[in-house]
Amino acid sequence: MTMATSLPGRRDEAWRYSDLKALERAHALPANDAIAEAVTLADGETRRLGLAPDDSQRATLTLEVPAGVSATLVESLGGGGWLDRAVTVRLGAGARLTHVILQTAGAEAVVTAAYTAALAADARYQVHLGNVGGALGRVAMDVTLATGADFTLGGVLLGNAGQTVELVSRVVHAEPGATSQQTVRSVLAGKATANYLGKILVAPGAQKTDAAQSSKALLLARTASANTKPELEIHADDVKCAHGATVGELDAQALFYMATRGIDPAEARALLTQAFLGDVLDAIADEALREEVSALAIGRLRVLVGGA
């Protein structure tokens with residue numbers, strides 16, 4: 001999605017469950033000057049970037065990680081208007097990038113962030129996403145993997161009131177021996193909606209592919225909803241591909257058990273929802289980054305549990 005293009009419609013499968021009314025409102029906002037950045041990361045570097053527009057803002061970033069370089073990017077997306085973000089990521093052979101995306105826009109804001117990544121041979125791209133803000137908070141990722149490359153995505157989607165938070169991913173295994181793992185956990189309260197549309201495409205000749213998707217959504221209120229659509233398109237015969245998706249509520253027996261141990265019901269709900277996110281949060285290897293993402297997620301969870 002860019003400001004120069006027409007607005008999407010329901011016939012566009014990638015936008016089928018989105019909040020198009022919020023996008024229409026954002027499209028009417030006055031536009032700031034576009035921002036264009038180009039960043040090349042050095043070995044061992046941790047770079048922080050932040051954007052928080054009050055009106056509508058088109059912002060592009062071209063990110064280069066040269067061959068053999070290992071680096072970290074922490075990206076904060078906020079503000080109260082419409083942030084239309086487009087990022088191109090290029091990883092050289094054997095490069096390593098840890099990419100943290102924290103989407104914390106205001107209650108009436110709209111974020112449409114699109115990431116296109118190309119991984120050269122044996123590159124490794126780890127994405128840790130906290131998508132919790134905005135009336136509409138949308139993150140889209142399109143990743144292409146060369147021989148031996150690895151892509152890992154851990155996503156936390158948290159929504160309350162009438163929020164729509166969504167993750168749309170397309171991972172192309174273009175050459176043999178690449179691996180990918182997507183783990184998405186959503187927690188919804190009020191009338192919030194979470195959407196996960198994830199596609200894995202294995203190209204002809206991309207043998208020895210190993211790809212997996214896991215999406216689980218936890219509804220704290222019967223008025224909340226989750227749409228999950230994992231998809232596999234495989235054009236090779238020597239591959240390992242799997243996907244799974246579930247939508248459910250808190251375990252009533254676990255809540256009862258904790259109540260018999262004298263744990264306050266609100267605290268019990270908070271502990272169970274925090275444990276639900278463990279697959280994503282515990283996978284963040286860097287302790288400081290793990291604490292940063294966990295603090296954001298747990299803080300929002302407390303709000304969701306209190307308002308559910």
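The values are calculated or read from the model by the stated rules, or taken from the named source; none is laboratory data. Predicted, not measured: the structure shown is a model, and the values here were computed from it. Reconstructed Cβ throughout: ideal geometry from the backbone, glycine too, with neighbour counts over all protein chains shown.
Side notes on the structure shown:
- Note on region 98-107: among residues that are free of Cβ contacts under 8 Å to residues at least 60 places away in the same chain and surrounded by fewer than 24 Cβ atoms within 10 Å (Cβ to Cβ), the one that is farthest from Asp286 (Cα to Cα) is Ala107.
- Only listed residue being loosely packed, with under 14 Cβ neighbours inside 10 Å and not small (Gly, Ala, Ser), chosen from Pro53, Pro30: Pro30
- Looking only at residues in region 269-284 that are surrounded by fewer than 16 Cβ atoms within 10 Å (Cβ to Cβ) and touching a residue at least 60 places away in the same chain (Cβ under 8 Å), the one that is nearest to His128 (Cα to Cα) is Ala283.
- In region 260-278, the residues that are under 21 Å from the mean Cα position of the chain (by Cα) and not in a helix (DSSP H, G or I): Leu277
- Scanning region 7-27 for residues that are in a loop (DSSP other than H, G, I, E, B) and acidic (Asp, Glu) yields Asp12, Asp19.
- Residue match in region 245-268 (condition: of a type in the set (Phe, Trp, Tyr) and surrounded by 16 or more Cβ atoms within 10 Å (Cβ to Cβ)): no
- Annotation note: of Gly133, Gly106, Gly137, the sole residue that is under 22 Å from His27 (Cα atoms), part of a loop (DSSP other than H, G, I, E, B) and in contact with a strand residue (DSSP E or B) (Cβ under 7 Å, 6 or more places away or on another chain) is Gly133.
- Flag: Leu145 matches the condition of being crowded, with 23+ Cβ neighbours inside 10 Å, within 24 Å of Val202 (Cα to Cα), more than 18 Å from the chain's Cα centre (by Cα) and without any contact (Cβ under 8 Å) to a residue 60 or more places away in the chain.
- Among residues of region 69-97 being over 20 Å from Asp142 (Cβ atoms), over 19 Å from the mean Cα position of the chain (by Cα) and of a type in the set (A, V, I, L, M), the one that is surrounded by the fewest Cβ atoms within 10 Å (Cβ to Cβ) is Ala93.
Here's the yes/no breakdown for (1) modelled with pLDDT of 90 or more; (2) assigned to a strand (DSSP E or B):
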residue	(1), (2)
Glu233	yes, yes
Met258	no, no
Val280	yes, no
Ser294	yes, no
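- Subset of region 29-68 [more than 20 Å from the chain's Cα centre (by Cα) and charged (D, E, K, R)]: Asp33, Glu37, Asp43, Glu45, Asp54, Asp55, Glu64
- Lone unmet requirement of (1) touching a strand residue (DSSP E or B) at 6+ places or on another chain (Cβ under 7 Å); (2) modelled with pLDDT under 95 for Ala161: (1)
- Qualifying residue in region 58-75 (condition: over 30 Å from Ala206 (Cβ atoms) and β-branched (Val, Ile, Thr)): yes
- Selection from region 76-99 of residues that are part of a strand (DSSP E or B) and either farther than 20 Å from Gly159 by Cβ or among the hydroxyl-bearing types (Ser, Thr, Tyr) (or both): Ser76, Asp84, Ala86, Val87, Thr88, Val89, Arg90, Leu91, Arg96, Leu97, Thr98, His99
Results for (1) under 17 Å from Asn131 (Cα atoms); (2) touching a His at 6+ places or on another chain (Cβ under 8 Å); (3) modelled with pLDDT under 95, shown as yes or no for each residue.
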| site | (1), (2), (3) |
| --- | --- |
| Gly9 | no, no, yes |
| Glu13 | no, no, yes |
| Arg25 | no, no, yes |
| Leu29 | no, no, yes |
| Gly44 | no, no, no |
| Leu49 | yes, no, no |
| Leu61 | no, no, no |
| Arg90 | no, no, no |
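- Subset of region 174-192 (residues that are surrounded by 22 or more Cβ atoms within 10 Å (Cβ to Cβ), assigned to a strand (DSSP E or B) and either in contact with a Phe, Trp or Tyr (Cβ under 9 Å, 6 or more places away or on another chain) or of a type in the set (Phe, Trp, Tyr) (or both)): Ser180, Gln182, Val184, Arg185, Ser186, Val187
- Residue count for region 204-231, restricted to those that are within 13 Å of Thr179 (Cα to Cα) and either in contact with a Leu (Cβ under 9 Å, 6 or more places away or on another chain) or part of a loop (DSSP other than H, G, I, E, B) (or both): 6
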